[in-house]
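K.L.:
Provided herewith is a single structure, encoded as structure tokens, for subsequent inquiry.
All of the numbers you see were taken from the coordinates with simple rules; none came from a lab. Predicted model only: the values in this text are computed from it and were never measured. Glycine gets a Cβ as well: all are built from the backbone with ideal geometry, and neighbour counts include every protein chain shown.
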Amino acid sequence: MTSAIPRSQSKFNLTAYLISDGPAGFLLSWVAGFVDTSAFIILFGLFTAHVTGNIALAGSSFVSDDTETTITRLLMLPTFVVTVALTSLLARYARSQKWCVFGVLLTAEAIALAVFLSLGTSLCPALLLDVQEELILPIGISGVIAMAIQNALMKEAKGVFKSYIPTTVMTGNTTQLTIDVVQFVIAKFSKVQDESTKKEAEEAAERISRFIPTIAGFALGGLLAACFVLASESWWSLSLPLIVISILAIAAYVEHNRTITA
């Protein structure tokens with residue numbers, strides 16, 4: 001006679017599922033794609049997630065003798081660096097206090113997104129009437145801060161993710177996915193099917209399963225943002241990423257408390 005599965009184990013744990021590798025990676029990438037695309041459209045070509053892209057844009061503005069635009073783009077990089085440093089310090093402090101690091105950093109990102117949304121909704125009407133760098137700058141900085149926090153939390157939330165996968169820039173992810181697909185195909189169709197070849201195929205398949213949701217999430221986020229922004233010309237669509245990050249933060253806190261009390 002087989003023993004019955006305990007009731008606590010047979011239930012689907014939604015919060016644990018949300019912060020697991022696949023769902024969390026997809027949702028965080030979706031947020032980054034949505035925020036980056038929205039900002040790029042409304043802020044006239046400013047990146048908030050792909051901040052290094054602003055260097056190329058700064059170069060273009062410099063050649064065009066557009067000093068204000070050049071300065072705005074260049075300021076995004078130090079903003080990103082300082083925010084990552086502060087996020088790392090916050091994560092270290094949270095760990096020393098035995099807090100939920102993932103939840104704390106997600107809360108910090110939610111606050112930054114709320115500021116981004118608030119500045120956008122208040123300044124965007126004037127910005128749409130006249131392109132003014134003094135309006136673009138504070139909105140852009142708040143968006144870069146939110147995405148810098150997300151970049152750092154992928155590194156600092158140790159124990160949450162199996163391995164580090166960026167959720168804000170997809171160039172490296174796409175490169176690795178392509179390499180893994182090649183490795184998988186070669187190993188799968190190799191004439192010599194020994195243990196080494198099978199292991200190689202399994203490892204490549206496992207990595208592919210983690211990279212695909214991340215890349216798909218970013219692409220879908222960008223597509224949905226373009227649809228929302230172009231259709232409504234409204235900054236309020238950025239409330240969607242804020243809601244997603246808030247839900248993830250709540251799930252992280254719930255799981256942390258469950259682990260402590262278990």
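K.L.:
Quick check for me: using +1 on Lys/Arg Cβ and -1 on Asp/Glu Cβ, what's the dipole size of region 70-210 about its Cα centre, in debye to the nearest 20? Mind dumping the intermediate values first?
P.N.:
On the way: 13 positive and 12 negative charges, 104 e Å.
So the dipole magnitude of region 70-210 works out to roughly 500 debye.
K.L.:
Mind checking the angle between helix 101-129 and the chain's longest principal axis? C-alpha axes, 0 to 90 degrees, to the nearest 10.
P.N.:
Tilt of helix 101-129: around 30 degrees.
K.L.:
On a C-alpha basis, how far is the centre of region 20-66 from the centre of region 79-119 in Å? Whole number, if you could?
P.N.:
19 Å
K.L.:
Considering the values (1) 30, 21, 18; (2) 30, 26, 15; (3) 36, 25, 17, which represents semi-axes √(5λ) of the Cα gyration tensor in Å as calculated for the structure under consideration?
P.N.:
Answer label, from the structure shown: (3).
K.L.:
Then there's this: Work out which trypsin sites (Lys or Arg not before Pro) in the chain are exposed loop sites (DSSP not H, G, I, E or B, at most 13 other Cβ within 10 Å) and give the longest gap free of them. Present the calculation step by step, with values, prior to reporting the outcome.
P.N.:
Details: sites that count: LYS11, LYS98, LYS158, LYS162, LYS191.
Looking at the chain, 12-97 is the longest stretch - no exposed trypsin sites (Lys or Arg not before Pro) with at most 13 other Cβ atoms within 10 Å.
K.L.:
To test your reading of the geometry: what angle, between 0 and 90 degrees and rounded to tens, separates the Cα axis of helix 171-188 from the longest principal axis of the chain?
P.N.:
30 degrees
K.L.:
Taking θ = phi - 60°, what integer Hz values does the Karplus form 6.51 cos²θ - 1.76 cosθ + 1.60 yield along region 190-205, in sequence order, with x for Gly and Pro?
P.N.:
Working through the residues one at a time gives 5, 5, 9, 9, 9, 4, 5, 5, 5, 5, 4, 5, 5, 5, 5, 5 Hz.
K.L.:
Continuing with the same structure: May I ask you to sort ASP21, ASP36, ASP180 by Cβ crowding, counting other Cβ atoms within 10 Å and putting the fewest first? Don't jump to the answer; show the numbers that get you there.
P.N.:
On the way: ASP21 16, ASP36 25, ASP180 20.
With the sparsest Cβ surroundings first, the list reads ASP21, ASP180, ASP36.
K.L.:
Note the angle between two axes, namely the Cα long axis of helix 67-96 and the longest principal axis of the Cα atoms of the chain, as a number of degrees from 0 to 90, rounded to the nearest 10.
P.N.:
40 degrees
K.L.:
Then there's this: Using alpha-carbon pairs under 8 Å, 6+ residues apart, how would you state the relative contact order of region 120-200 in percent?
P.N.:
Details: 27 pairs, mean separation 12.1, N = 81.
So the answer I get is 15 percent.
K.L.:
Another question, then. Counting pairs on different chains as well as pairs 8 or more places apart, how many Lys pairs in region 15-261 have Cα atoms under 28 Å apart?
P.N.:
Qualifying lysine pairs in region 15-261: 11.
K.L.:
Compute the relative contact order of the chain as a whole-number percentage, counting only Cα pairs closer than 8 Å that sit 6 or more residues apart in sequence. Could the numbers behind the result be given before it?
P.N.:
Details: 340 pairs, mean separation 92.7, N = 262.
After rounding, I find 35 percent.
K.L.:
Most fluctuating residue of ALA49, ALA219, ALA231 in a GNM of the chain with Cα springs under 10 Å: which is it?
P.N.:
Greatest mean-square fluctuation among the candidates belongs to ALA231.
K.L.:
Who wins for biggest fluctuation among THR121, THR87, THR168 in a Gaussian network model of the chain, springs between alpha carbons below 10 Å?
P.N.:
THR121
K.L.:
Can you give the helix-only mean residue ellipticity at 222 nm for the chain, where every DSSP H stretch with n ≥ 4 adds -39500 (n - 2.57) and the sum goes over all residues, rounded to the nearest 500 deg cm²/dmol? All intermediate terms of the calculation are to be shown ahead of the outcome.
P.N.:
Working: 10 runs with 204 residues, N = 262.
Calculated mean residue ellipticity at 222 nm is -27000 deg cm²/dmol.
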